[in-house]
Structures are given as structure tokens and as C-alpha cells.
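Down below is the structure, laid out as C-alpha cells.
The values are calculated or read from the model by the stated rules, or taken from the named source; none is laboratory data. Predicted model, so just to flag it, every value in this text is computed and none were measured. Methodologically, a virtual Cβ is constructed for each residue, glycine included, from the backbone with ideal geometry; neighbour enumeration extends over all protein chains shown. In case anyone asks, the SASA skips ligands and DNA or RNA and just uses the protein heavy atoms, side chains included. Shrake-Rupley method; radii C 1.70, N 1.55, O 1.52, S 1.80 Å.
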Amino acid sequence: MILVTGGRGFIGAHVVRALLDLGERCVLGQRSAGAPPALLRGAPDGHAVTEPLDCADAGSVRAVGRRHRITGIVHLAAAGLGSSPPLEEAQANTAGLFTVLRAAQEWGVTRVVVASTIGVYAGVGGPSYREDAPLPVASPHPIPASKKIGEIVADLAASSGQEVVSVRIGAIWGPLGRPFSPFFAAPGLVHAAVRGGLAPLGASPAEPSPAEPSPVGVAPGGPAVAGAPPVYAEDSIDMCYARDCGRAIALLQTARALRHRTYNVGSGRVTANHEVAAAVGRVVPGAVPALLPGRTPGSPGLGAPLDVARLREDTGFVPEYDLDRAVADYVGWLRAGHTR
């Protein structure tokens, strides 16, 4: 069975769904209790087993190995965004990775796939982000800083004989995701269109001055919400729809052979906010918000695409969801009564 840590989470559930579709059996390791998400309903008995698992607790991890024969691991579990001070968060994530890697050695696991992020490329130039590009030591946010540490640990384990693969994941959006992301606008644009209450983003009378810490954007059920940033038309990033992301990671876990230790997971192209807004308007007529012109002032941005040649060549992965299909699928999911 393939253990997916954080298997009931956003990306984790999509990875499990894709693994099930490939005929694999999965253990969904999750610290918090709860039923599997709706995305996984209908899985054959015994094919998607939920187990309590805290990656910071070696005993908890080893107990899963006593109950199941684990043949592969996709490690997605991480401390919640902003749940702890940055140093504590990095310590918890690094300790959890060490625990998972040691368990993998004990169990004789064939391959461990470890989640990283597109954010590690902040400060890297070039027409696209390639896995062999030198990364700066400094990071603009605690998440990419923590992921860089994780990549070093993963590479050290791989140098010691384990097959450990880091996946640098792009901006992921879709079913089960947060209604608003602090990093890109697409989820908020779709939720706002479905829930109503669209207003010109960033143009609300409630918008704070630049000196205030909580920017204002559009939100379901009202014109603005504190904490949702204003949306600029030309801001862009490599977006990958959640169902495609899950399938890409599942393919990396199950591929017969991989030639690299690091893979980008994304669409291979950048999508600007004005493109997302236009697609939303095509799916939900009349729901096109007025975006602020230009780019976010002072933002370093991640405006180049992920180079996905390695992923395509070693797994055959090609995204199935273009922008319009992704928006339509996401709108349909939310209109079916799902809150996320």
C-alpha cells in the first residue's frame, strides 16, 4: 500500500484519488480525525484506509507500518500555514521528514515522494524555472525556506541510497482547496463568482491604506473581506488544477523508473489574473470582476512557467484541464454543495 501523509488534505486527497484510479491501494495518514473527503467516496473497501498519523511522533508513524505493508510514500503533511512561529514550523516539518524517511528505510519502501513548492524559485531568473537552476539561500516566505531545508534532507537521503524524489508544486487550485489563497487569486475569483457578491477587487471603500496589514478583496456573500488581497490583472503564476496535480504526483510515485531527484509539477505555462477572470465570466455569465491594472507593486512575483519536461518525459504526464475546463469543473463542484 502507498502511504500518503496528509492524505485527507487538499493535495493529498487528489493524489489518493489518482492513485486509486491507477489501481493502487492507499493509507491516508492524518493527524486530525475525520471521514475521508467527498472526493474519495465510492472507493472499494480496503483501498483507501484512514489511519491516525503524526509525523512528529515516530511511534505513530511506525504503528502504521505494523498494520499495513507500506511499499511507497507520498509525504505531503506539514505544519499548518502560520500555525507556529517560523522557526518552530521549520523544525516540526524537518523533524517530520526525518521520521518518515527513517520509517521508509525500516519498511524497505521503494520510493518516497516529498512535497516542495514553486516558491523555492523566488529570485531565480530566466524564461522558465528549471529543476537544475541554482536556488538562492534567502526566501521571501517561511514556506519556501522550510521546503528548501526539506529538499536538502531529501537529497541527502537519496545520496545515501534511498530513492527520494522532491516535487516542486505550482499554484494548485480546485476542489477541497482554500476559498482564498494568499499567493494567487484564482480560488477567490471562482468562489466569489459562485457565492455572489462580486465587486471591483481592491476598489472597495473598505480598502485599507498601504500601511495597514490586512488588504481587502472580494469575498463570497459580500463585496470585500479583510485578509483577501486586491487582485491585479497582470499578476501571473504557473497554475495547475488540483486533479491534474494529483495525477502528476501519482505518476511520479508509480513510474517504473525515474531519472532525476527533483521534478516540477505544474502546467508548464503562466496564467494571468485577467485570463482567470475572463474564464470565470465565460462559465458564470456576468461574474467578471474589475481587476486593478498592472502588477502588485513591489511584488517579486513568480511570473515564469515551471519547466515540466522532466515530468513529461519520465511519466508521460500531460495536463487534462485547460483553464476553461478547470473553471467549469470547479464551479460545478461548488454548486453541488461543497464549501471547498
Report summary line: Note on the range 103-134: residues within 16 Å of the chain's Cα centre (by Cα) and of a type in the set (Gly, Ala, Ser) are 115, 116, 119
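Checking the structure you have, find out if any residue of the range 296-312 is open to solvent by 40 Å² or more (accessible area, probe 1.4 Å), at pLDDT 95 or above and in contact with a Ser or Thr (Cβ under 6 Å, 6 or more places away or on another chain).
Within the range 296-312, the subset open to solvent by 40 Å² or more (accessible area, probe 1.4 Å) is 296-300, 303, 310, 312.
From what is left, the residues that are at pLDDT 95 or above are 310, 312.
If we keep only those that are in contact with a Ser or Thr (Cβ under 6 Å, 6 or more places away or on another chain) too, we end up with none.
No: the range 296-312 contains no residue that is open to solvent by 40 Å² or more (accessible area, probe 1.4 Å), at pLDDT 95 or above and in contact with a Ser or Thr (Cβ under 6 Å, 6 or more places away or on another chain).
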Requested in this report: Name, by its number, the condition in (1) surrounded by 22 or more Cβ atoms within 10 Å (Cβ to Cβ); (2) modelled with pLDDT of 95 or more; (3) under 19 Å from residue 181 (Cβ atoms) that does not hold for residue 274.
Outcome: (1)
Query raised in the report: Within the range 55-78, how many residues turn out to be without any contact (Cβ under 8 Å) to a residue 60 or more places away in the chain and either in contact with a strand residue (DSSP E or B) (Cβ under 9 Å, 6 or more places away or on another chain) or aliphatic (A, V, I, L, M) (or both)?
Result: 8
Query - Wholly within the range 14-125, strands (runs of 3 or more DSSP E) carrying at least 3 residues that are open to solvent by less than 30 Å² (accessible area, probe 1.4 Å) - result: 26-30, 72-75, 111-117
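Inside the range 223-340, counting only helices (runs of 4 or more DSSP H) that do not spill past its ends, which hold 3 or more residues that are of a type in the set (Val, Ile, Thr) and at negative phi?
Filter on the range 223-340 gives 273-283.
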Report summary line: Of (1) at pLDDT 95 or above; (2) open to solvent by less than 40 Å² (accessible area, probe 1.4 Å); (3) within 30 Å of residue 339 (Cα to Cα), residue 147 fails just (2)
Query raised in the report: Are there any pairs, at least 6 apart or on different chains, whose C-beta atoms fall under 7 Å, with the first in the range 240-252 and more than 15 Å from residue 74 (Cβ to Cβ) and the second basic (Lys, Arg), and if so, which?
Result: none
**Report entry** Options 172, 152: the member that is open to solvent by 40 Å² or more (accessible area, probe 1.4 Å) and either of a type outside the set (Gly, Ala, Ser) or not in a helix (DSSP H, G or I) (or both)
**Finding:** 152
Report summary line: For residue 137, the lone unmet condition from (1) under 21 Å from residue 79 (Cα atoms); (2) free of Cβ contacts under 8 Å to residues at least 12 places away in the same chain is (1)
Query raised in the report: Out of 336, 279, 326, 287, which single residue is open to solvent by 60 Å² or more (accessible area, probe 1.4 Å) and within 18 Å of residue 179 (Cβ to Cβ)?
Result: 336
Report task. Answer yes if at least one residue in the range 134-147 is hydroxyl-bearing (Ser, Thr, Tyr), out of contact with any helix residue (DSSP H, G or I) (no Cβ under 9 Å at 6 or more places or on another chain) and not in a helix (DSSP H, G or I), and no otherwise. Result -> no
